[in-house]
Each structure stands twice: as C-alpha cells, then as structure tokens.
Amino acid sequence: MNSKEIRQKFLDFFMKQGHKVVPSSSLIPDDPSVLLTTAGMQQFKPYYTGEADSIKDFGSFNTVSIQKSMRTSDIDEVGDETHNTFFEMLGNFSFGGYWKKEAIRYAYEFITKEMGLAISYVTVFRGSDIAPKDEESKKIWRLLGVADVREEGINDVFWGPTGNSGPCGPTTEIYCKNGKRRDVEIWNVVFNEFFCDSSRDILLNGGVKLKQLKKKGIDTGMGLERLTMISQNVENIFDIDLFSPIIKKIEELCGKSYEDNAKNFRIIADHMRGSVFLIGDGVLPSNIERGYILRRLLRRSIRYAKLLELPENWHKEIVKTIIENYKEYYPELEQREGEIINAIKEENDKFCKTLERGLKELGKIDAVDAEKAFYIFQTYGFPFEMIGEELKKRKLFIDAKEFQEEFKKHQEKSRAGLEKKFGGHGLIMDTGELKAGSEEEIKKATKFHTATHLMHQALRVVLGEKVRQMGSDINAERLRFDFTFDRKMTPEEIKKVEDLVNEKITENLEVRVEEMPYKKAMESGALAFFKGKYPEIVKVYSVGKFSKEVCGGPHASRTVELGKFKIKKEESSSAGVRRIRAILE
Ligand code: SER
C-alpha cells in the first residue's frame, strides 16, 4: 500500500466508527510552554480538561487526524532505520466517548484486518507509585488473541503531560516487524485518565499527585512513515514512497549513489522536509526557540550537501520536490513556495559566509576548551560537530560533555526568556494574538486588532502583495506586527501606510463578520495567517471593502472607534521579516 492509500484507509476506518476528521494544526502550537507540535493530542488538550466541548466543536466525542509533528530530541539518530524529525502522526481520539476496550479493538482491527499486518507484541503499564498496573489492557489484548503482552515502566509506557501541565496516563504500544524482521514500535495508544499540574520531568522525578481528568479519554499516535515502512515491507523509513522522490532528486543533483552515501542522503531528506514544513507554518531561522531548531536543521542539511558536493541552488530543487509530494495535503506549502525557497537560500548564503569566518577563527586557535568552542559555535553559528571535526584534523580535542554543559546553560537562558514573556499574568483573554487582563484592556486591544487588519492591507497596497503576515501580538498599549518584506521601509512608505489607515478610519467603515467554509474563504481572496488549526468553517472579517481576513476576532464594529493610527517603529525582526509597532491616539 502506498502512503496515500494508508492515509485514506486510516481516516475512512475511524470515520466509519463515528470519528470526525479534524485537520492538522500548525507546527506552532497554541500552548506557549511548548515550542513545537510533537503530538496529535496537543490541539485537543482542552477537550480532555473540560475547557472545550467536543460535541459543540466537532459534533462528536471522537475525532481522527493526521497531524504534522516535529521531534528533535532524536536529531542525532536521523539516518538510522526509524528516526525522523518531522513526521505525520495518524491518531484517533476520544473525549469521554469510548475507553480501553474499544480503543484496543480499533487498533487491533486496523493493523491486522485493514492493513493485513501481524502484531509482533504489545506492551502495557506495569504500575508505579503514581498509577496502578494496567490489568485491564492486558486482558483485552489476550482476549483478542495477542499472546505476547510485555509489562513496561513509567518511562516507556506512560504518556504526558506535554508542556507545563496536561492530561496523562498509561499507554499500550504495538510492535510489528519491518522488512529486516526487526520489531518496530508503530502505535502508541494512550489512556488519558489523569491530569498532572507539572511538567513531565517533574512527574518522572516522583512526588506528584495526579488528579482524575474531567473527561477521561483516548489519544493514539502512529507515525505514518513507520506504518508505511512495515506495510511496504522495507527495512528503512527512507525507503518508502514518501522519501523516494527526494532521494532520487539528490542522486540526480550530485550524481552520487544513495547506496554509497545513505546516511548523508537521509539526513538531507529528513532535515529539508522538516525545514519546508516549519517555514510553511511561519518559522524563520534565528538563534532562539523554534527559529533555532529550524536553523539547526538547515545548517546540518547544508553541511551534508557540501559533503555530497551538491551544486549551487540544490535547495531549490529539493524544496520543489518536497512541496510537489505534499501539496495535496498541505496546501500552505505551495502557497508559500517562494518564501520557503528564499528563506532557505538566505540561510544557505549566510551559513557559507559563517563557515568561512568560523574556519578562520578556528585556525587561530591552538589550545581549545569547551567554553571557547561554544563561543565560536554561538558567535559564528559554526556547528559543534564541525568544530569537533576541524579540530580533530589538527589533532586538537574538546570535551563533548563540557560543551553540552555550556549548551545547556544557553538553553536555560532562552527558556527563562520564554517564561518571562508568557508567565504569570492570569489573563482574562489570550487568543494567542491578543492579550488582555481586564474588560477595559479587551476594549483597547480589540481596536488594535481592527487596526492591525487595516494596516496589513495598507502595507500590501503600499509595498505590494508579497507582504504576508508572519506574526501579530496585541495588548492594550500597542499592536506589533511582523510581515515578510526584504528591506527597511522608507519614511515616505511609512507615512503612506499611516495615511491610508487613517483615511479608512475616517471613512467609518463597517466591520462585518461572516462564517463560511475555509475553502470558500480562500477562494474569495480572504487573507489567512497559517498559524493555528483552521477548522472547516471559519470566520471572515471584512472592513468595508478594504480588508478581508480569516480571523477569530474580536473586532471593533466601526472604524471610527479606532482614533488616530500612528506607526512608532519599523525595524528588522529576522531575516526577510520586518516588525512594526503602532499605537492609536
Ligand atoms: N500522544 C501519544 C504520542 O504522541 C499518542 O498520540 O505518542
């Protein structure tokens, strides 16, 4: 079966069992304590805790999705048989609908009957001081005829929570054999029974008391790549149809064979695919947070591309191949193809310069320690692995462990920054874009929100259609707006944008909202910022005939309420992205 058929089979199977199909959410999660979307359940967290109602939102207790996911903790394993950074996760979910018996039966039926595969063995939770042994699952598996049921501990078969808190519970995992007859974990069926008010690290350290969840439920996750590998009876995830066009393209570009250079090919294929999806969701390379993850993926790809002596502009060809492969399911990639190629080209050029400078600096060093190596790493963005290789050539060594310590310090610093940004306000409103702590603040922020739409459109009128929203952050004092544009705006352009917004304010345009299917909204030319999940039915806000955007609101009802609009600052936010701060007087 090819990956396309498997995707459809999975959705069809669960639809038949009364699940509602929900589109993948963005790789940028709503939960600010998590950098990336690592699991299908993240977008559904509020349905387990009772903050949201699945009947109201999906018309069902049960959902099914294919979720874009990214896990970089295993980045160094990429190139082996089973690891990817980016992957698609097939998942079925229930929020107070069904429980263990049905969840296990569905998984069993899907694997053995729909896919026609044999289950090698399964695992269940052996119990610990926080939760009892999962006898029930063991019994259910045995009744289904699966004899090899292995008990494992909290590190392996207890899921969650993601972020600072969330649902968690014991899991049962399914293992099947790949083309090499090796057992591979393919499906994780989670029984979210508890709520944990701390992070997973704290949970694993002990001393946490779990509460019962409001809506105990099911969360399952199965990597499409691994399932396809088992189904196609190959021994490596890179040998499946999702990767073969990329591998073929690399072969074509460098004239070298995949067999002789497998690891290098696989790393490029994995990292470039991940990068395309990250940029497709609005991430750009930088030195912190998500931007840093993207930078690392890109720079590793570039490094391996150099090793394979890929020609200049190699990235363009590879990006196009990836987008061609995925655009049917992820139209945002095709819509952003130009931006994706540009961002990668820029990073490529920057990194090549960096390498030259870093090599020069390294050449000056004759005695090295971890701190100095870290300095070069951070200042020049010179990859740690390459520092090691360069120094090795000259018979100088650094201590990898000490270097990791330096790195950890750096990570902690950026995490602290993140917490400061989002921590501790007790906000009464936080849409991700708009934050307010009182009714009064909501009123002000709402005006800024409408002003943001006007400004977005004004920027497109003055600077051209290539202006695209990359981020927006609104509070009661100001709006902040990030958008793609490749140079500083001139004072004249700033003035023109201000004047146009103020003209529209004076015209006292009406703000209208309409609900329509997402597809229709796109066809009508509404702008959309691909940040969060977009449900099938979306709200489209129009300001007169001037602006039209897919948006969750809230907005002012007429533009005259806004007052006078003024841009306070226009600056660079990151490569190819400008940032405007503006106020209403
Ligand atoms: N949340 C679990 C996982 O990601 C099951 O979906 O593995």
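Since every read-out is calculated from the coordinates, none of them should be taken as a lab result. These numbers come from a predicted model, not from an experiment. Reconstructed Cβ throughout: ideal geometry from the backbone, glycine too, with neighbour counts over all protein chains shown.
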If you count, for each residue, the other Cβ atoms within 10 Å and average over each peptide, how do 492-500, 169-177 line up from highest to lowest?
169-177, 492-500
Can you work out the base-10 log of I(q)/I(0) for the range 290-367 at q = 0.21, 0.26 1/Å, using the Debye formula on its C-alpha atoms alone?
-1.03, -1.30
Could you tell me which trypsin sites (Lys or Arg not before Pro) in the range 59-156 are loop residues by DSSP with no more than 10 other beta carbons within 10 angstrom of their beta carbon?
none
Computed Rg/Rh of the range 244-312, alpha carbon atoms with Kirkwood Rh:
1.01
Could you tell me how far the Cα centroid of the range 277-345 sits from the Cα centroid of the range 472-526, in Å?
28 Å
Convex hull of Cα atoms in the chain, direction-averaged projection (nm²)
27.7 nm²
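Can you compute the helix-only [θ] at 222 nm over the chain? Use -39500 (n - 2.57) per DSSP H run of at least 4 residues, normalise by all residues, nearest 500 deg cm²/dmol.
-13500 deg cm²/dmol
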Determine which residues of the range 141-158 fall in the zone a paramagnetic label at D183 would reach in this model, i.e. backbone nitrogen under 16 Å from the point 7 Å along Cα→Cβ.
141-142, 146-153, 156-157
Work the Kirkwood hydrodynamic radius out for the range 494-585: mean of 1/r over every pair of different alpha-carbon atoms, inverted, in Å.
14.7 Å
Sort 350-358, 80-88 for me by packing, meaning the mean count of neighbouring Cβ atoms within 10 Å per residue, highest on top.
80-88, 350-358
Quick one: Karplus J couplings for the range 326-335, per residue in order, coefficients 6.51, -1.76, 1.60, θ = phi - 60°, nearest Hz, x for Gly and Pro?
10, 5, 4, 9, 10, x, 4, 5, 5, 5
Sequence ranges 301-311, 237-247, 184-194, ranked by mean other-Cβ count within 10 angstrom, highest first
184-194, 237-247, 301-311
